[in-house]
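Take a look at the structure below.
What follows draws every value from the coordinates through simple rules; no lab data is involved. None of these values were measured; they are calculated from a predicted model. So basically every Cβ, Gly included, is an ideal-geometry build from the backbone, and we count neighbours across all protein chains shown.
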Amino acid sequence: MILSSTLCFAELFFGSVTASIAVFSLQNDRQQRVFQDSLCVFRGYMGFVGFCLLMNSCVLQAIYRYIVIVYPTRLSWQSARVQLIAISVTCLYCFVTMLPWFLTGNITYSIDDQVCLVSLQLSVPVIYNMFMTFVFPISIIMLIYKKLVYHVQQISIRATSNQTVFQARRNFTIVSRIIIIVIILLVLGIPYMIFNFMSFFTKPSRYHLRITVLLLDVFQPLTMMVIFLSNQPVMDIIKKWKCSMVNTIQPT
């Protein structure tokens, strides 16, 4: 429940930041001005932090399901205290790993794109961000998924209780949903990754950052819907809240 809520919050946070970046860009376009406000660089920094939180929240979910399936008797590892510690460490990790580019001025204002992000070119910040936000989290999730496939197969062969097999497959299904979320995020990040690789050899197209932010904002509702629908505990809370709101409204 805690990790499910964290994943939903991370998506809402990242969606809010990208929407804020898009609104700032549109305001400058509408007023036909070149203007960098005091929060422009900070918004760019929070955008990287938000995506890092989103990807690593998926990692936490996958690790938790791995522990539940492989080490079901280690209840202390599944406790709320351990989950809160893991969430706190993840948040600290994301804020700290992206902080150098905020402090050293690598997040700059692009006049053509009207956004503040790390300029795409063959540089340490670009390669660093690509590995920290894409490669590492995805590698961890895929490794866990591979191990779980093997483990669930072994349980199906050796288990004497149908309940054990059912629980293992149920948790494996949740991990599969996490994989679907990651695939959606990867698809949304493909334009940015393409521009990243292009920047290693040539100058990207004029409005590359604007295109990236626009695609993220357009498909953000789809990502949000998939994440919420994939987290049954969160959906149960939303349903209970809606029922309570309906019950409190009395006809006059």
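Figures for the structure shown
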| quantity | calculated |
| --- | --- |
| Measure of compaction for region 2-236 (Cα Rg per 2.2 N^0.38 Å) | 1.13 |
| Under 18 Å from the L75 label point (7 Å along Cα→beta-carbon), backbone N, region 1-16 | 1-2 |
| Segment V34-T173, length gained on full extension (0.36 nm per residue, minus Cα span) | 45.2 nm |
| Simple label model, 7 Å out from Cα along Cβ direction - V23 to M198, nm | 2.9 nm |
| Extension gain from T104 to H151, taking 0.36 nm per residue of separation minus the Cα-Cα distance | 12.4 nm |
| Length released on extending from L143 to I184, taking residue separation times 0.36 nm less the Cα-Cα span | 12.9 nm |
